[in-house]
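Reading through the structure tokens given below for one structure.
All of the numbers you see were taken from the coordinates with simple rules; none came from a lab. None of these values were measured; they are calculated from a predicted model. When we count neighbours, we look across all protein chains shown, and the Cβ atoms used for this are built from the backbone with ideal geometry, even at glycine.
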Amino acid sequence: MSEKILEVKNLHVSFRTYAGVSHAVRGVDFYLEKGETLAIVGESGCGKTVTSKAIMGLLPESNTIISKEEGAQILFHGENLLDYSEKQMTQIRGSKISMIFQDPMTSLNPTMKIGDQIMESILIHQNVAKSEAEKQALEMLELVKIPNAKERMKQYPFEFSGGMRQRAMIAVALACKPEVLIADEPTTALDVTIQAQIMDLIGELQKELNMAVILVTHDLGVVASVADRIQVMYAGKIVERGTVDEIFYQYSHPYTRALLDSVPKVHTNNKETLYSLKGTPPDLINPPTGCSFAPRCEYGMQICRQSYPDVTRFSASQECSCWLHHPKADTKGLPESMIRRSVD
Amino acid sequence: MLKFIGKRIAYAILTLFLIATATFFLVAGAPGDPIAAKVGQMPEQAQAIIRAKYGLDRPVVERYFVYMKNLLTTGDFGESIIYTGKSANDVIKTNTMVSAKIGLLALLFQITIGISLGLVSALNRGKPVDHIIRFMVVLAICVPSFVFASLLQYFLAFKWKLVPVFGWGELKHYVLPVAAYAIGGIASYTKYMRSSTLSVISEDYIVTAKAKGCTKGRVVKKHVLRNSMIPIVTMIGPAVAGIFAGSFILEKMFSIPGLGFYYVKAVSDNDYTMIIGLTIFFALLYVGSLIVVDILYGVVDPRIRVTKGKK
Amino acid sequence: MIEKQQNNMTDLSLADDLFERVGTKGLSGEDIGKKSLTYWADVWRRFRSNKLALFGLILLGLVIILLFIGPLLSGKDYQFIDASMKNLLPSSEYWFGTDDMGRDLFTRVCVGGRISIYIGLCCTLVMFVIGALVGAIAGLQGGLVDDILMRICEFIGNLPYLIIVVILSMVMGRSMFSLVFAMSLTAWVGTARMVRGQILQIKEQDYVQAARALGADTGRIIIKHLLPNTMGIIMVDITMSVPGFIFSEAFLSYIGLGVRPPETSWGALASAGQQQLMFYPHQLFFPCLMIILTMLSFHLIGDGLSDALDPKLRQ
């Protein structure tokens, strides 16, 4: 097993809002190995983005509560980033850990030339002359396959198309060749044809720079070809995790199943209607006791609404939190593949 | 870009022409007889001679053409009816700079102080500094400038005798009018800068800048400032233009020999040639500054520069 | 995940009936979702929770009540001249003192305030009606009509406001009508541009497109979609305009172009008070205090409204 470069332990994040304290992330643990791609999948509002911003230390200070007392840790090469000062964090951001965002239309500074935006992180983190930074930025722009890179350096974001902007955004993020790239819904705002190109580009650059990637998305379809491992989040908790094959073919949580069913498949019968999950994720200001998915789960049991299920492990890589895997559970009508037993 | 500027200037000329025409006919057709007011006690014949001298005996349309011809060929804004021998051009020549100095000085304070306070307030949102600044802004916006002027005059000049009550010529004479003029503007620039900065700091590209590893100071300097100043620049345009029109009261209160002072005087004297001349000149300054600012706006915001240039 | 001492998944002592399947019974999708308030109820809730805005509303109410019952309370006539009572300081007889002609300042401030507020409201009404109408026509019609109307707006917007007001007041003579006309002549341009901008923006939004595709006619779209969505921004504009006009009136009265005596307004009173500043500062103080209180209340209400209407500006 290769080195774990990033480890998140027992992360709780809450926000003070005018309606009360919203518990966005409620006890999340995971790790990231060198060079691998980890996908975090879930509906919007399930805590994916909050988790990734917590790693970057980008959550607004004024109204965010990260529970360090309860033992929350974000370990990067064994050092807890939550103990870092703001100054130390600025040295990590952009050079060791980078992030790209959902909407390339709004995530580039409209009044700054593309070249300057790429050069900025080089100038911050590397002690190089401006001409050297410019050279590196140009290489970066060529690396993300932007034609006429030299001219493009002098242009402003509004002169770029959406796909081009996301490429530029990737160039900005990767300018200092970081060890970890967090891609937060990098393709959601793009056209379908561009989506595949951007995902391929991220994959290629990952190999070239030997980066680890955390891919945050709500779209399991995007994940299939690029991710090594997947973890499924619901209402601020990880409900299931496993390798890509395990999640796609041996899923064990009803929520994972619901997500998979709502992806259109090539071989979907014309007469079949596409599955749609009813209801919306729960209110995180007063999260329900028990499993938060229970109210929307067709297999829900009494106990689901009373207490939260602990983890059941099915293999070295796959685990799940669901009462359906309790020996006493009512498994009537469950798909065969979901009836699994713990390896412990 | 050149085409854009050209179009803008052509449009401004049309605007000016319409203003000049409208002003002429409105004022020339206004009730009240300036000659009667000035030399009403003279015999009717003598009045008629004076009327003829100013061309008042001819129809309005004819006077209009004569006036426009003089204005366009020799830049003659007209001669005062009330004060013989004094022309609008004299007033413009000697008094424009007085108004401009006070106005520009006040504007400079307004913009620099307003932008800084707005930025400080937004970056410290919800903290005591923010509350104090916001409170002062509301207070300053709610108090008319002539009230400020009166207060300053009463305390600084009358009670404490720190500066002269009014008068003109030395540096100390600038203090009261500039301060009274600047306060309201500082408040509104602070207000706009604050809300503009707040909306900029919630933009995605600010998160990107932080994610790059920019320190707080660098984020503000390189990413927040320029973007949040764009809406402020649009405000500066009318403000520069308004410098000359906005100082009426203060010039009158502090007896400052500026354009506004003479304009108000001309209005109360019913000195119609003077009114027409000064109005056209005001309009010229106003429309001219709007164009300058439009061009400046293009320099600050590349989006406008390029799209307008392409058109 | 952290290994717990006791994993409840292997706890066989749990009662059997806990594992009875209930599915999604008793909880429909709507119940699961968050409770939602209607838009205006939400705006009102946010406005109410803003103490300053509420204070502004109450302050404005008090000022208006005072303006109307004030003269009844003092029992004096605002035009009554008493030459033996000139320039008195505030007392139990004359609450705000008297002016240089021996008139009761308190009564004059109340009556003048009515005129000031009346002018403010009239101008705002004219501005709003013309502005909204022109803006709506331009926005909804588009094409040539829009082009022409916007050109006119641009022209009027380029006129130096103050000079137009001065010239018009001069030309039309000093009357309430000319004052309102002159002040609202240039002011409606801003409203027209704003309404047009809003309409163009909303027109492009999916739900209006959808309504149109479903066959809703223009009238219905205006009433059901455009009006509620533009109302917010217009309301903020209105609350901010009233004090602006009161200010302008004060300004015009100050340079002698405002209401004509014996009628009076806050601006006229302040102007008169300013002449007496060195010796009787109270004559300037009281009218100014009323102007400031009124401005303050409108601003607090306007700020509260725009905050309440813009959820983005709130945390």
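Assuming 0.692 mPa s and 37 °C, estimate D for region C:228-302 with Stokes-Einstein, Rh taken as the Kirkwood radius over Cα pairs, in µm²/s.
On the way: Rh = 13.4 Å.
My calculation gives 246 µm²/s for D.
Can you tell which of A:TYR156, A:ALA175, A:THR188 lies farthest toward the positive end of the dipole of region A:139-200, using +1 and -1 charges on the Cβ of basic and acidic side chains (Lys, Arg; Asp, Glu)?
Value: A:TYR156.
Just to compare against my own numbers: the Cα pair-distance distribution for region C:127-235, 5 Å bins, whole % per bin, please.
2, 12, 19, 19, 16, 12, 8, 6, 4, 2, 1
Out of the chymotrypsin sites (Phe, Trp or Tyr not before Pro) in region A:1-85, which ones are loop residues according to DSSP with at most 16 other C-beta atoms within 10 Å? Don't skip to the answer; put the middle values down first.
Numbers: sites: A:PHE15, A:TYR18, A:PHE30, A:TYR31, A:PHE76, A:TYR84; in loops: A:TYR18, A:TYR84.
Those that pass, being in a loop and sparsely packed, are A:TYR18, A:TYR84.
Could you give the radius of gyration (one decimal) and Dmax (whole number) of the Cα atoms in region A:42-196, in Å?
16.6, 52
Give me the angle, in degrees from 0 to 90, between the Cα long axis of helix B:88-123 and the longest principal axis of the Cα atoms of chain B, rounded to the nearest 10.
Taking the Cα atoms of chain B, the angle to B:88-123 is about 20 degrees.
For chain A, what is the Kirkwood estimate of the hydrodynamic radius, computed as the reciprocal of the mean inverse distance between distinct Cα atoms, to one decimal in Å?
Details: mean 1/r = 0.0468 Å⁻¹.
Every distinct Cα pair counted, the radius reaches 21.4 Å.
Mean Kyte-Doolittle of at least 1.6 and a Cα length of 20 Å or more along the axis: which whole DSSP H helices of chain C meet both?
Values: long enough: C:51-74 (32 Å, 2.50); C:105-141 (52 Å, 1.74); C:143-157 (21 Å, 1.11); C:176-203 (39 Å, 0.90); C:227-254 (39 Å, 1.08); C:282-309 (40 Å, 1.25).
Once both thresholds are applied, what remains is C:51-74, C:105-141.
Given the pairs A:LYS34/B:LYS222; A:LYS130/B:LYS127; B:LYS7/B:LYS222; A:LYS87/A:LYS135, which span a C-alpha to C-alpha distance of over 29 angstrom in this model?
Working: A:LYS34/B:LYS222 33 Å; A:LYS130/B:LYS127 38 Å; B:LYS7/B:LYS222 33 Å; A:LYS87/A:LYS135 27 Å.
Among A:LYS34/B:LYS222; A:LYS130/B:LYS127; B:LYS7/B:LYS222; A:LYS87/A:LYS135, the Cα-Cα distance tops 29 Å for A:LYS34/B:LYS222; A:LYS130/B:LYS127; B:LYS7/B:LYS222.
Listing C:CYS123, B:CYS214 from the residue with the fewest other Cβ atoms within 10 Å to the one with the most, what is the order?
Values: C:CYS123 26, B:CYS214 22.
If I rank by nearby Cβ atoms, fewest first, I get B:CYS214, C:CYS123.
Over 22 Å between C-alpha atoms is what I'm after, so list which of B:LYS191/C:LYS203; B:LYS93/B:LYS265; A:LYS4/A:LYS53; A:LYS96/B:LYS210 land there.
Numbers: B:LYS191/C:LYS203 30 Å; B:LYS93/B:LYS265 17 Å; A:LYS4/A:LYS53 19 Å; A:LYS96/B:LYS210 13 Å.
Pairs exceeding 22 Å: B:LYS191/C:LYS203.
Where a Cα-Cα gap under 16 Å defines reach, which aspartates and glutamates qualify for A:LYS328, not counting those fewer than 8 residues away within the same chain?
A:ASP310, C:ASP11, C:ASP16, C:ASP17, C:GLU20
Treating only the Cβ of Lys, Arg, Asp and Glu as charged (+1, +1, -1, -1), what charge dipole size does chain A show about its Cα centre? Round to the nearest 20 debye.
Working: 36 positive and 42 negative charges, 80 e Å.
Computed charge dipole of chain A: roughly 380 debye.
Work out how far the C-alpha atoms of the protein assembly as shown reach from end to end along every principal axis, then list the three figures in whole Å, largest first.
Largest to smallest, the principal-axis extents are 121, 68, 63 Å.
Taking 0.36 nm per residue of separation and subtracting the Cα-Cα distance, what length does fully extending C:MET101 through C:GLN209 add? Working shown, then result.
Values: separation 108, 0.36 × 108 = 38.88 nm, distance 6.56 nm.
Working it through step by step, the gained length comes to 32.3 nm.
Using only Cα atoms, tell me the angle between helix B:60-74 and the longest principal axis of chain B; keep it within 0 to 90° and round to the nearest 10.
Helix B:60-74 and the main axis of chain B meet at about 60 degrees.
Decide, for chain C, between rounded, prolate and oblate: order the square roots of the alpha carbon gyration tensor eigenvalues as a ≥ b ≥ c, take rounded if a/c falls under 1.5, and otherwise choose prolate if a/b is larger than b/c, else oblate.
Details: a/c = 3.67, a/b = 1.72, b/c = 2.14.
Verdict is oblate for chain C.
Rounded, prolate or oblate for chain B? Axes are the square roots of the Cα gyration tensor eigenvalues, ordered a ≥ b ≥ c, and the cut-off for rounded is a/c under 1.5. Intermediate values should be presented prior to the final figure.
Values: a/c = 3.44, a/b = 1.65, b/c = 2.09.
Oblate is the answer for chain B, as a/c is 1.5 or above yet b/c matches or exceeds a/b.
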